[in-house]
Amino acid sequence: GIWNQQSEKSPGNGDEGSLGDTFYPSLLVDIYYKKRSGILSISANTDFIIYFIKGNPVFAEGGDIDTAIGRILLKSGRIDKETYDKAVDMATKNKQKFGQILFEMGISSPHELNSFLEFQLQEKILKGFYYINGKYVFKSGDEFADRIVSYQVDLCKVIYEGVKRYIDVESLEESNPTIIVDPRLKNDINSLGLKPKELRFVQLLKQRATVSEVLEGSKLERPDTLKLLYFLMLFKLVSISGISADEIGRD
């Protein structure tokens with residue numbers, strides 16, 4: 001009805017919309033900043049669900065075969081092909097979870113298995129960067145908290161990783177726009193999980209410098225500088241005249 005129209009535009013109050021209007025990482029940043037608890041369902045090429053408690057992702061379900069735990073461990077070299085095949089075989093035969101089998105095979109301790117599953121959660125969240133089109137629904141509430149095992153991932157780091165992996169930021173410098181630094185940058189920057197070199201870059205950012213001036217003065221490689229700028233844009237800690245973070249990410 002007429003009352004819903006407003007809410008669908010902004011992920012802040014409306015709880016559903018299209019990924020075409022709201023870019024996936026912007027959605028994550030919004031949930032993070034507003035410390036929202038709830039379930040984000042994405043339906044795109046594959047469907048997956050991320051559970052949030054106070055703005056932090058604690059669990060995810062669904063996703064495609066690439067984010068299955070065995071595949072992730074194999075790809076990242078945490079287990080070898082032989083172990084993988086054997087575990088898949090046993091999991092199918094005994095109708096058990098892959099992680100449980102690794103545990104029984106003595107491949108992973110409870111602690112290791114936990115870190116594998118945190119790694120999986122991170123990979124599942126990263127997959128969302130692929131989806132330029134699709135729908136999202138966010139349902140507020142935390143009644144799921146008792147029935148899921150919660151994992152810890154640093155959402156800021158995951159978003160930064162997604163920017164590095166998936167987002168083409170070349171067009172940031174086309175019109176050589178001006179950078180406007182938000183006053184919150186100084187306070188918020190320490191919670192974003194940046195490395196010392198990146199923090200140094202942020203400290204040297206000058207108000208109203210142009211992108212090419214920033215590139216010249218940066219000790220980071222050019223692509224890394226642009227990606228970091230884009231990351232700060234997503235968190236609305238810098239803005240760049242005439243450019244929205246959502247548009248850049250869709251090139």
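Tabulated values for the structure
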{"read-out": "Listed values (i) -0.45, -1.10; (ii) -0.30, -0.98; (iii) -0.37, -1.00, entry calculated as log10 I(q)/I(0) by the Debye sum over Cα atoms at q = 0.08, 0.14 Å⁻¹", "value": "(iii)"}
{"read-out": "Packing rank of 96-107, 19-30, where each peptide gets the mean count of other beta carbons within 10 Å, highest leading", "value": "19-30, 96-107"}
{"read-out": "Surface accessible to a 1.4 Å probe, per residue, for the residues of the chain, Å²", "value": "53 Å²"}
{"read-out": "The chain: angle of helix 24-33 to the longest principal axis, Cα-based, in degrees nearest 10", "value": "90 degrees"}
{"read-out": "FRET efficiency estimate (nearest 0.05) - Cβ-Cβ, Ser191 to Asp15, R0 35 angstrom", "value": "0.85"}
{"read-out": "Solvent exposure ordering (accessible area, 1.4 Å, most first) of Tyr136, Tyr130", "value": "Tyr130, Tyr136"}
{"read-out": "Packing rank of 184-192, 166-174, where each peptide gets the mean count of other beta carbons within 10 Å, highest leading", "value": "166-174, 184-192"}
{"read-out": "Most to least packed among 143-155, 229-241 [average Cβ atoms within 10 Å]", "value": "229-241, 143-155"}
{"read-out": "Shape category assigned to region 174-220 from the gyration tensor of Cα positions, a/c cut at 1.5", "value": "oblate"}
{"read-out": "Solvent-accessible area, 1.4 Å probe, carbon plus sulfur percent, for region 163-224", "value": "49 percent"}
{"read-out": "GNM result for the chain, Cα springs below 10 Å: residue of Thr46, Thr92, Thr178 fluctuating most strongly", "value": "Thr92"}
{"read-out": "Theoretical ellipticity at 222 nm over the chain - DSSP helices of four or more residues, -39500 (n - 2.57) apiece, nearest 500", "value": "-12500 deg cm²/dmol"}
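The values are calculated or read from the model by the stated rules, or taken from the named source; none is laboratory data. Remember, it's a predicted structure, so these values are computed and weren't measured experimentally. Counting neighbours? That spans all protein chains shown, and the Cβs are built from the backbone with ideal geometry, glycine included. When the accessible area is computed, the model is the full protein with side chains, heavy atoms only, and any ligands, DNA or RNA have been set aside. Shrake-Rupley method; radii C 1.70, N 1.55, O 1.52, S 1.80 Å.
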